[in-house]
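Peer 1: Have a look at this one.
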Number of protein chains: 2
Amino acid sequence: MPPHAARLISTLIRARRATSVLEIGTSNGCSAIWFADALRDTGGRLTTVDIDAERVTAALANLERAGAREYADVRHGDGAEILADTPDAPVDLVVLDAERPAYVAYWPHLRRVLKPYGILAVDNAVSHRNQVAAFRELPASAAEFAVDLHEVGDGVLTGVRVR
Amino acid sequence: MPPHAARLISTLIRARRATSVLEIGTSNGCSAIWFADALRDTGGRLTTVDIDAERVTAALANLERAGAREYADVRHGDGAEILADTPDAPVDLVVLDAERPAYVAYWPHLRRVLKPYGILAVDNAVSHRNQVAAFRELPASAAEFAVDLHEVGDGVLTGVRVR
């Protein structure tokens with residue numbers, strides 16, 4: 001995730017005073033370092049998951065070097081399973097930066113795990129517009145979500161669960 | 001204010017579930033229409049002030065046309081005076097889009113009127129970088145603010161009062 005996108009999401013974490021953030025798609029952990037910086041302020045914690053064991057190892061090393069290790073649980077696994085295992089409404093903010101064609105299948109769980117006024121943030125909403133298009137329709141047509149597209153980095157789609 | 005900047009701030013309003021927003025520099029009221037859209041969701045209200053009576057008249061007409069009139073108090077006056085008359089800590093989010101050289105003098109009031117985890121948003125932080133530079137140092141060097149620059153529209157500087 002480009003720094004501009006991670007910075008926007010870290011501002012949203014602070015703005016909401018989010019303490020429970022779930023990232024699907026850890027990659028090298030650079031975005032997690034940004035989120036951890038915000039969670040240090042809010043007293044919160046990140047759970048971030050990646051399906052690739054090598055990326056998990058790299059992310060742990062990067063978080064350690066950044067002094068951010070204590071703010072993040074890095075898990076090796078499938079985002080869909082982590083979502084399915086999450087109870088209703090404990091999460092302040094979910095970040096999607098993973099296998100985009102899988103997002104549509106995440107949707108029933110995403111709307112279930114977010115708290116009221118919880119936030120969904122989806123990276124690559126401009127750079128991979130077509131891959132995100134089918135998913136985007138879901139929060140956009142759900143009455144409880146207010147959806148906006150922010151043209152920072154590769155494009156960040158946000159949805160706030162306003163009712 | 002360009003739509004991209006107004007959209008970012010409206011997302012922050014929803015993310016924070018802000019109900020009390022103060023805008024200094026109403027201009028034609030287009031940004032106020034974006035903010036009102038978010039405040040409709042949160043059950044909140046905008047106070048927006050401009051020193052130019054013609055702009056106040058135009059903004060009222062634009063808000064009326066947009067069906068957003070009921071979410072905004074449009075006031076004719078000096079932002080500095082409005083800030084000085086505001087009690088401590090009732091405001092969720094302050095937007096500055098006015099006479100940039102005056103912002104430094106606003107600062108003691110800005111840090112006073114914002115609630116904990118309140119948000120400061122300053123437009124034109126890239127397009128008028130030099131005019132905003134002296135002000136930017138104030139939240140950036142205040143331990144209680146986390147400051148970020150978002151490169152949308154003309155550049156939006158945000159500061160969240162994290163402690």
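Just so you know, all these numbers are worked out from the coordinates, no wet-lab data involved. Here the structure is a predicted model, which is why all the values come from computation and not from measurement. In this analysis, Cβ positions are derived from the backbone assuming ideal geometry, glycine residues included, and neighbour counts consider all displayed protein chains.
Peer 1: Taking the Kirkwood radius as the inverse of the mean 1/r across Cα pairs, report the Rg/Rh of the protein assembly as shown. Walk me through the numbers on the way to the answer.
Peer 2: Working: Rg = 19.6 Å, Rh = 20.0 Å.
Rounded to two decimals, Rg over Rh is 0.98.
Peer 1: What whole-number volume per residue, in cubic angstrom, does the convex hull of the C-alpha atoms of segment B:60-163 give?
Peer 2: Details: hull volume 11.8 nm³, N = 104.
Each residue corresponds to 114 Å³ of Cα convex hull volume.
Peer 1: Please compute, for peptide B:116-123, the average count of beta-carbon atoms on other protein chains lying within 10 Å of each residue's beta-carbon.
Peer 2: Values: counts 1, 6, 1, 3, 0, 2, 0, 0.
Mean shielding by partner chains, rounded to a whole number: 2.
Peer 1: Give me the dipole magnitude in Debye, nearest 20, for segment B:3-161 about the Cα centre, with unit charges on the beta carbon: positive for Lys and Arg, negative for Asp and Glu. Before the final figure, lay out the partial values.
Peer 2: Working: 17 positive and 22 negative charges, 94 e Å.
Here the size comes out at about 440 debye.
Peer 1: Taking each residue in B:37-46, count the Cβ atoms of any other chain within 10 Å of its Cβ, then average. What number comes out?
Peer 2: Numbers: counts 1, 4, 0, 2, 6, 4, 1, 0, 0, 0.
If you average over the peptide's residues, the count of other-chain Cβ atoms is 2.
Peer 1: Based on DSSP H runs of at least 4 residues, each adding -39500 (n - 2.57), what is the mean residue ellipticity at 222 nm of the protein assembly as shown after dividing by all its residues, to the nearest 500 deg cm²/dmol? Could the numbers behind the result be given before it?
Peer 2: Numbers: 12 runs with 142 residues, N = 326.
So the calculated ellipticity at 222 nm is -13500 deg cm²/dmol.
Peer 1: Please compute the average number of Cβ atoms from other chains found within 10 Å of each residue's Cβ in peptide B:149-161.
Peer 2: Values: counts 3, 6, 6, 5, 1, 0, 0, 2, 0, 6, 2, 11, 1.
Whole-number average of other-chain Cβ neighbours for B:149-161 is 3.
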